[in-house]
Amino acid sequence: MKFLWASAPVNIERVARLVLGILLGVAVCGNSWAQKAEGLALTPQMGWNSWNKFACNIDERLIRETADAMVTSGMKDAGYQYVNIDDCWQGERDADGNIQPDPKRFPSGMKALADYVHGKGLKLGIYSDGGATTCGGRPGSRGHEYQDARTYARWGIDYLKYDWCNTPGMNAEAAYTTMRDAIAKAGRRMLFSLCEWGMSRPWEWAGQVGHSWRTTPDIYNCFDCEFSPGLSTGLGVLRILDRQAGLRKFAGPGHWNDMDMLEVGNGMSEDEDRAHLSIWAMMASPLILGNDLRSMSESTRRILTNPGVIAVSQDRLGVEALRVMVDGPLETYAKPLDGGRWALMFLNRSNQPADLRHDWKAEVLTDGMTNRSVDFKQTVYRWSDLWSKKTGDTSTKLQARLAPHSVLMLLLTGPAKS
Ligand code: GLA
C-alpha cells in the first residue's frame, strides 16, 4: 500500500513530461502535418476565370462587374461561386518582397476587391506560378511561397490557381507541395488548383496536394482542332476529352481532373457549346466559365445554367464518366450517379449529322470501377433528355438524329417497373 502511494507522484510527473513532449513535437513539426484544406470542392468547383476571354486585359472594374453579372444573370443561383483573377494582376514586389497588385489596374487593392466579391455572396480567386515569373511575365511565387500565401490570406483570397511556366529543372510535386504547405500555414482555407498541364502525371501524386489538377495544355476555342503557335499548344474540346482516357480512377470528391476552363459563349456553335458543357459535366471537370458574363447572349446564359446538366456535374458521388461504346463517329459515355441513377451522353464527333439507334437491351451497362450495372432486359429505366426535356423509357429503342458536334444527354432514373 505504502509503495503504491509513494510511486504515484512520480507517475504523474512522467505523464506530464510525456504530454509536454508530444505538444512540443506537434508545434515543432507542425509544418509536416500541413495538408490541403479539407471539405472544399467535394463536387467539382464552379466559377469564372478571366483568362479565356480577357487574357492580360483585366482590371478591378471587370472583376466587380463580373461579380455583379454572376448574380444578376442567375449564374450564382445555378451554382457558380468563384470569381477568379488569372495572370497579369500583379505589379512589383515591395522592398520587403511583398507582392503588390498592378496599381493602375487594381488601384483599390485586392482586399477591397475581395470584400466586394464576398459582399455578393461569392468567393475570390487569384493566380500565381511556381516559377520566378508567370506565363505572362509577372512576378511568380518561387522563393516567396510562404510570403505570398500570407498575403493572399490577408486579402481574403479563397482560391489559388498555380501555374507552371518558367520552372526548368524544378520538381512539380515538390513545388506544389511547398505551396500547399504555405497555404496551410497562412491559415485561410483556399481551394488549390494545380495548373501543370499534366506533364508530370499530377493525377498520380496531387490528390493530397490540391483540389484539382489540369490534365492537358490550354483549351483552344474550337470543337475539333488543335492550334500550335510556337511552343504552346491549344486543344479543342474533343482533343481534351480524348486525353482523359485512363484518368477517371484518380478523380473524386475533393480531387478532380481539370480539363481547363470553359469556352462556352466564346464563338462555337450552340450545339458545340451544349456538347462542351455536357462533356465537362460528365467528366466531373471543374466548371469554370471563360466568357464575358456582362454581355453574353440569352442562349449562352441558358446553356450555362441548365440545371439538369449542372446536377450531373455536381452529383455527390463524384464519379467521372466512362466511355461505354464507340460506333463510328458516335460515342456513348455513362456516369453513375447518386441514388442508383445514371447520366448517359451520346456524342456525335463528326461534322456531319449521325443517326443514333440505341438498343438498350443489347448490352448490360456496366462500370467495373464502381461495381454498378444495369441490365435493361431485366429493368426498365425512365429517361429524360436534359437539353430537349423529352422523356421516355428504356423499354423501346432510342432513335435520334444527332446534329454535327452535338450530344444527346439523358438522365436515367429507375427502375420504372421490373
Ligand atoms: C497558362 C495557363 C493558362 C493561363 C495562362 C496565363 O497558359 O495554362 O490557363 O493561366 O498561363 O498566362
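The values are calculated or read from the model by the stated rules, or taken from the named source; none is laboratory data. This structure is a prediction, so every number in the text was calculated from the model and none was measured. As a convention, Cβ positions derive from the backbone with ideal geometry for all residues, glycine included, and neighbour counts pool all protein chains shown. These accessible areas exclude ligands, DNA and RNA; they are computed on the full protein's heavy atoms, side chains included. Shrake-Rupley method; radii C 1.70, N 1.55, O 1.52, S 1.80 Å.
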> Quick check: anything in segment 198-211 under 18 Å from the mean Cα position of the chain (by Cα), closer than 16 Å to Cys135 by Cβ and open to solvent by 20 Å² or more (accessible area, probe 1.4 Å)?
Replying inline: yes
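Considering only residues that are open to solvent by 10 Å² or more (accessible area, probe 1.4 Å) and at pLDDT 95 or above, look in segment 226-246 and name the one that is nearest to Gly131 (Cα to Cα).
Arg243
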> Just to be sure, is Gly210 modelled with pLDDT of 95 or more, assigned by TED's automatic domain parsing to the domain that holds Lys111 and touching a Gly at 6+ places or on another chain (Cβ under 7 Å)?
Replying inline: no
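Results for (1) acidic (Asp, Glu); (2) more than 16 Å from the ligand (Cβ to nearest atom); (3) crowded, with 16+ Cβ neighbours inside 10 Å; (4) closer than 30 Å to Arg302 by Cβ, shown as yes or no for each residue.
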residue: Ala78; (1), (2), (3), (4): no, yes, yes, yes
residue: Tyr82; (1), (2), (3), (4): no, no, yes, yes
residue: Asp86; (1), (2), (3), (4): yes, no, yes, yes
residue: Glu92; (1), (2), (3), (4): yes, yes, no, no
residue: Gly109; (1), (2), (3), (4): no, yes, no, no
residue: Asp115; (1), (2), (3), (4): yes, yes, no, no
residue: Thr134; (1), (2), (3), (4): no, no, yes, no
residue: Ser141; (1), (2), (3), (4): no, no, yes, no
>> Checking the structure you have, find out if any residue of segment 292-308 is free of Cβ contacts under 8 Å to residues at least 60 places away in the same chain and part of a loop (DSSP other than H, G, I, E, B).
In response: yes
> Arg316 fails exactly one of the following numbered conditions: (1) in contact (Cβ under 8 Å) with a residue 60 or more places away in the chain; (2) open to solvent by 40 Å² or more (accessible area, probe 1.4 Å); (3) part of a strand (DSSP E or B). What is the number of that condition?
Replying inline: (3)
> Out of segment 395-416, which residues are of a type in the set (D, E, K, R) and either closer than 12 Å to Trp360 by Cα or outside any strand (DSSP E or B) (or both)?
Replying inline: Lys397
> Which condition number does Gly392 fail, the rest of (1) in a strand (DSSP E or B); (2) surrounded by 19 or more Cβ atoms within 10 Å (Cβ to Cβ) being met?
Replying inline: (2)
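Which one of these is in contact (Cβ under 8 Å) with a residue 12 or more places away in the chain, within 24 Å of Leu194 (Cβ to Cβ) and not aromatic (Phe, Trp, Tyr): Gly121, Gly47?
Working: Gly121 fails: within 24 Å of Leu194 (Cβ to Cβ).
Result of the check over Gly121, Gly47: Gly47.
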